[in-house]
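None of the figures in this text is laboratory data; all of them are computed from the coordinates on show. The structure presented is a predicted model; accordingly, all values stated were derived computationally and were not measured. Because the Cβ atoms are built from the backbone with ideal geometry, glycine has one as well, and the counts that use them run over all protein chains shown.
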Amino acid sequence: MISTNQILINSNYNSVIEMNNAITLKKLVTNQSIKIEGLDVYIENQHILKDINLTIPEKSITCIIGPSGCGKSTFLKTLNRMHDESPEVKISGKVFVNDENIYGQHVNVIDTRKKMGLLAQRPCPLPMSIYENVAYGPGYMGLRKGKQSIKP
C-alpha cells in the first residue's frame, strides 16, 4: 500500500495535483463517513445513550438492531439533529460527518440534514404546526404556488 507520506515526499514537480491525490488516498485509507466519539444523550434526567463510540464506513449499509426502547430511534435522531428544539434533551460528545463535527458552533443544521435522511416508523414532525411541517420543504426550496411563495 502507498502511504500519503510517500506521495508527498515524491511530489517536487507537481505538488498541487499530488497533494490532492494524497488527500483522496487518505480518505480511501480511512474510509469513514460517520464517526461518533463519546456520545451521551439525556432525555429529562434519564441517560438514554451512554458513551457511544462508533465508526461507520462510507458507502456501507449499517443496521442498528435492538429491543424496543433501547435507544435506536434516539440515536438516529441524534445523527439527524432532530432533538435540537427539544429543551428536555441534552447531548454531549462529538458526531463527525465527513470530518465535520455536526454539533460544532457554526454548522448549518439544514445542510447536515441534507446529507442524511431519516425515515421513521412514526412521523417525527418539527416543533411547529401541521401546515408549517408540510410547507417547510417546498418553502425552503423556493417553490411557489401561483404568485405567492410558500413560506413555512
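Along Cα→Cβ, 7 Å out, is where each label goes; now give me the distance between the ones at Asn101 and Tyr131 in nm to one decimal.
4.1
Please give the net charge around Ile91, taking every other residue with its beta carbon less than 14 angstrom from that of Ile91, where Lys and Arg add +1 and Asp and Glu add -1. Write down the numbers at each step before the final one.
On the way: positive: Lys50, Lys77, Arg81, Lys90, Lys94; negative: Glu37, Asp40, Glu44, Asp51, Asp84, Glu85, Glu88.
Net local charge, Ile91 excluded: -2.
Show log10 I(q)/I(0) for the stretch 32-121 at q = 0.15, 0.20, 0.21 Å⁻¹, two decimals, from a solvent-free Debye sum over equal Cα scatterers.
Each listed q maps to, in turn, -0.56, -1.04, -1.16.
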